[in-house]
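Chemist: Dropping a structure here in structure tokens format, bear with me for questions.
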Amino acid sequence: MEARDRLRELLDAVLDEEHRTLDDMAGSAYSSPYHFSRQLSRGAGEPPVAMRRRVLLERAAWRLRHGTSVTDAAFEAGYESVEGFSRAFRRAFGCAPSELSGQAAGQTAARGHWLPAPNGIHFHPPTSLWVHTQEQSMNPMAELMLEHDLADTRALLERAKGLSEEDYRHDRLPGHTVLSWDGEEASLAAVLEHQVRSKEVWLAAIEGADMPHSEGDDAASLLARHDRVAPRWLAAVRDIDRRGAWGDTLIDALCDPPESFVLSSVVAHVLTYGAHRRQLARQLLRAAGHDVDQGDPIEWLRGRAGVA
């Protein structure tokens, strides 16, 4: 009983409106930041700063559906700008906060306000917490691979925006193909276009939508396409996991003739060839004389962990 009471004290310290930093939380719980973080991570399986950010985003989603403006939701959740809040919200929920506000709320009511959690601890309206003991969140390794693929693709597209047309479109690997049905990928432009289009096409198949139109393969257009498809792709995979649908079969009517695919194999396919194309893009950048990082998920995770 004492252990449960202490955990509740720690949770209260995390979620108190006045506690914006780890030092604030630890001070309220009469603990050092190190021991506070260690106790909560051990008891709840989630670092305090990450838990606070997640639960406040859940609260923001609930309030947006009930008429709170995006600006008010952003500042209530502790963000210094609407832009920063919108980026974090889109990464978490797979849609812009404006899609949950006002009249749009009725169109998205089927989506809950809970995010994947390792402990079942969630925001419960109007101001309390709910502990869902049966919850199983996505395997952290799978989540890491999905998020790294999207973030690394975006970083490469940002890098490509600064290249000359010659470097971007030069065929440095004539005749090279990654997948036979995709055709030649001899230039950086072709590799990056296929990287983005792969998610567009597979997502259309999963959603039962029409074959998506290619909207331009210059780096700026590809970046815009990526930013549209990335949160939808992440939300779709999380939904597959939430429903336990990894073994379900997809009948892809976009193929001629239609083919069937197991959903888990589709996600594995996208991640496998996505990783290959990202490293191929780096090879082409280096061949054009440009320095580029290794695309290592270890370094990416370290960098992300340093962001409050």
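Chemist: Taking the stated definitions as given, is Leu250 in a strand (DSSP E or B) and either over 24 Å from the mean Cα position of the chain (by Cα) or surrounded by fewer than 21 Cβ atoms within 10 Å (Cβ to Cβ) (or both)? Reasoning before the result, please.
Modeler: On the way: in a strand (DSSP E or B): yes; either over 24 Å from the mean Cα position of the chain (by Cα) or surrounded by fewer than 21 Cβ atoms within 10 Å (Cβ to Cβ) (or both): yes.
Against the criterion (in a strand (DSSP E or B) and either over 24 Å from the mean Cα position of the chain (by Cα) or surrounded by fewer than 21 Cβ atoms within 10 Å (Cβ to Cβ) (or both)), Leu250 qualifies.
Chemist: So for region 140-150 (the condition being assigned to a helix (DSSP H, G or I), in contact with a Gly (Cβ under 8 Å, 6 or more places away or on another chain), within 25 Å of Arg91 (Cα to Cα) and not polar (S, T, N, Q)), does at least one residue qualify?
Modeler: Within region 140-150, one or more residues are assigned to a helix (DSSP H, G or I), in contact with a Gly (Cβ under 8 Å, 6 or more places away or on another chain), within 25 Å of Arg91 (Cα to Cα) and not polar (S, T, N, Q).
Okay, residues lined up against (1) out of contact with any Gly (no Cβ under 8 Å at 6 or more places or on another chain); (2) part of a loop (DSSP other than H, G, I, E, B):
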| residue | (1), (2) |
| --- | --- |
| Gln195 | no, no |
| Ser198 | no, no |
| Glu215 | yes, yes |
| Leu222 | no, no |
| Arg228 | yes, no |
| Pro231 | no, no |
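Chemist: Another question about this same structure. Within region 287-296, is there a residue that is of a type in the set (Asp, Glu), over 27 Å from Glu184 (Cβ atoms), in the same structural domain as Pro174 (by TED's automatic domain parsing) and crowded, with 18+ Cβ neighbours inside 10 Å?
Modeler: Within region 287-296, none of the residues are of a type in the set (Asp, Glu), over 27 Å from Glu184 (Cβ atoms), in the same structural domain as Pro174 (by TED's automatic domain parsing) and crowded, with 18+ Cβ neighbours inside 10 Å.
Chemist: If a residue has to be assigned to a loop (DSSP other than H, G, I, E, B) and either touching a residue at least 24 places away in the same chain (Cβ under 8 Å) or within 22 Å of the chain's Cα centre (by Cα) (or both) to count, how many in region 256-272 make the cut?
Modeler: Total meeting the criteria: 0.
Chemist: If you don't mind, there's one more thing I want to ask. Among what's in region 1-55 and is more than 14 Å from His122 (Cα to Cα) and of a type in the set (Asp, Glu), pick the residue that is modelled with the lowest pLDDT.
Modeler: Among those residues, the one meeting the criterion is Glu2.
Chemist: Across region 81-96, which residue is nearest to Asp149 (Cα to Cα) among those that are charged (D, E, K, R) and at pLDDT 90 or above?
Modeler: In the first step, residues of region 81-96 are kept if they are charged (D, E, K, R); the result is 83, 87, 90-91.
Then keep just the ones that are at pLDDT 90 or above; that gives 83, 87.
Numbers: Glu83: 22, Arg87: 17 Å.
For region 81-96, the residue satisfying everything is Arg87.
Chemist: Something else about it: So which helices (runs of 4 or more DSSP H) are wholly in region 24-83 and hold at least 1 residues that are outside the structural domain of Trp114 (by TED's automatic domain parsing) and out of contact with any Asp or Glu (no Cβ under 8 Å at 6 or more places or on another chain)? Before you say what the answer is, go through the steps one by one.
Modeler: On the way: elements: 33-44, 48-65, 70-76.
In region 24-83, there are no helices (runs of 4 or more DSSP H) which contain 1 or more residues that are outside the structural domain of Trp114 (by TED's automatic domain parsing) and out of contact with any Asp or Glu (no Cβ under 8 Å at 6 or more places or on another chain).
The values are calculated or read from the model by the stated rules, or taken from the named source; none is laboratory data. What you are looking at is a predicted structure, and each value in this text was computed from that prediction instead of being measured. All Cβ positions, even for glycine, are placed from backbone atoms using ideal geometry, and neighbour counts span all protein chains on display.
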